[in-house]
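Note sheet for the following structure.
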Amino acid sequence: MDKRIFITLIAIIVLIGAFIGMRFMLSDQCETPEVELEPAAPSTGQIVKFTCTNASENIAWDFGDGKSSSGKSTEHRFDTAGTYHVTINVNEKCSSVKEVIVRMPRKVETVKPSVIVPGAIHAGDDVTFTETTPGVTGWKWQVQPGTEKSEGPDFKLAFKNPGDYKIVVSIAGDFITGADTIPVKVLKAEYKPQPKKEANRRAAEQKRLADEKRKSDELSKKSSAAEKAAREAEFKERFMDIANLLHDNMKGEKASDDWQAIIAPQLCSSPVPMVQWHNSGGSDSIVRFSTFRRYMISNQYKVEKVDGIDKGSDNCVKRVRIVVTAN
C-alpha cells in the first residue's frame, strides 16, 4: 500500500475516534435546570404554574408536599402555608431546587374611596378629582350625566353647563376594593374678560378720566381767571372811590377806614408799593401810597380813572396806574 494512503487512513480513524469520544463525554453532562413560577408569591389554594426555561424533555417535578408531576410546564396547588423545596430533575442526571414560600391568602377589604373634591366649581373651569386610598392600583371614573370617563388616580374634566352632577368612582387593589358616588354642584361660569378686551377697557377708562380732569382744569382756570378779573375790577373801583373821598373830612374818615380795611391788605410788603399817575395837565409822577394819600386828603388831585394794576409774585398789588386832574 502506498505510504501516503496509509497515513491518510490513520488520520481519518483518529478524527472519527475523537468525535465519538466527545459525543460520549457530552452525553454525560447537562445544564442546571432553571425554574419560573407564576404567581411569584402564591397563597394556599392558589394554582401555581411551574416552567423549566432551559430544558424541554424528560423533566420530573417533586413539589415537596408528597406530590409530583412531569413535563416542561406543570401546575400545582399547595393546601397548607409554609416553605416548600420544589425539585426539578432533567434526564435523571441534572437537578435543581426552587424554594417556594406559600402564605395564607389575605381577605379583600371593601372601603369607601377617599376623593379630594375641588372647591367652588364653575362651568367651563378645568377641575381635577383625586383618589388617595393607599394600596389602590386601579381606578375607574365616570361623570353622570355625561360621557366623560377616565382611569388612573386623577379625573380631569370641565363641566360645560351649570347644574347637578355625580362623579362615580371605583377602586381596586390586591387586597382592596370599593366604589362611591359623589354629588357635584356646578355654578354658572365666572366672567373672565379677555386680556385684550380688558386692556382696551382700562385704556378707555384712563382716557375718560384724563378727559374729565382736563375739562375740570380748564373750567378751574376759566373760573380763576374770571375771579381774578372780578377782583381786579372791584379793586380799581374801590380804589378810585376811596381816593376821591379822602378830601372830604366826614367822608374822609370813612374812606380812611375803608382804605385800611380794603386797599392796605392787598398791597405788597416788599418792594414798597407805588402809585404811578398821569396828570391831565401833562406831568407824570411815581409816589408811595402814603404820599398819594396825603395828596388826596389835601384835596390837590382827583382820580379820573384807574388804568391798571401791576401784581407781585404772590398776587399782591405792587403798583397802581391812574389818571388824575389837579383841583
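Taken together, the values in this text are just the output of simple stated rules run on the coordinates, not laboratory data. Source: prediction; values computed, not measured. When we count neighbours, we look across all protein chains shown, and the Cβ atoms used for this are built from the backbone with ideal geometry, even at glycine.
Below is a table of values for the structure above.
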{"quantity": "Option label - log10 I(q)/I(0) by the Debye sum over Cα atoms at q = 0.09 Å⁻¹ computed here, alternatives (i) -0.82; (ii) -0.38; (iii) -0.44", "calculated": "(i)"}
{"quantity": "Candidates Val168, Val136, Val303: whichever shows maximal mean-square fluctuation once the chain is modelled as a Gaussian network with Cα springs under 10 Å", "calculated": "Val303"}
{"quantity": "Net charge of neighbours whose Cβ lies under 13 Å from the Cβ of Gly138, counting Lys and Arg as +1 and Asp and Glu as -1", "calculated": "-2"}
{"quantity": "Angle between the chain longest axis and helix 249-258 axis [Cα atoms, degrees, rounded to 10]", "calculated": "10 degrees"}
{"quantity": "Relative contact order, percent, segment 32-105 [alpha-carbon distance under 8 Å, six or more residues apart]", "calculated": "35 percent"}
{"quantity": "Cut-off 14 Å between beta-carbons: net charge of the residues surrounding Asp310, Lys and Arg +1, Asp and Glu -1", "calculated": "+3"}
{"quantity": "For Ile182, residues with placed amide H under 5 Å, excluding near neighbours", "calculated": "Ile167, Val168, Val169"}
{"quantity": "Set Lys207/Lys228; Lys140/Lys185; Lys160/Lys196 screened for pairs whose C-alpha atoms are more than 29 Å apart", "calculated": "Lys207/Lys228"}
{"quantity": "The chain, relative contact order [Cα under 8 Å, separation at least 6], %", "calculated": "9 percent"}
{"quantity": "Relative exposure of Val127, Val320, judged by other C-beta atoms within 10 Å (fewest first)", "calculated": "Val127, Val320"}
{"quantity": "Cβ-based exposure ranking for Trp139, Trp277, in which fewest neighbours within 10 Å come first", "calculated": "Trp139, Trp277"}
{"quantity": "10 Å binning of all Cα-Cα separations within segment 32-105, expressed as whole percents from 0 upward", "calculated": "21, 57, 20, 2"}
{"quantity": "Average Cα contact separation per residue, segment 227-326, under 8 Å, 6 or more apart, as relative contact order %", "calculated": "31 percent"}
{"quantity": "Straight-distance crosslink candidates among lysines, where the alpha carbon sits under 27 Å from Lys93 and sequence neighbours closer than 8 are dropped", "calculated": "Lys49, Lys67, Lys72"}
{"quantity": "Structure-based [θ]222 nm, the chain - -39500 (n - 2.57) summed over DSSP H runs of at least 4, per residue, nearest 500", "calculated": "-10000 deg cm²/dmol"}
{"quantity": "GluC sites (Glu not before Pro), loop per DSSP, at most 15 other Cβ atoms within 10 Å - longest free stretch of the chain", "calculated": "191-327"}
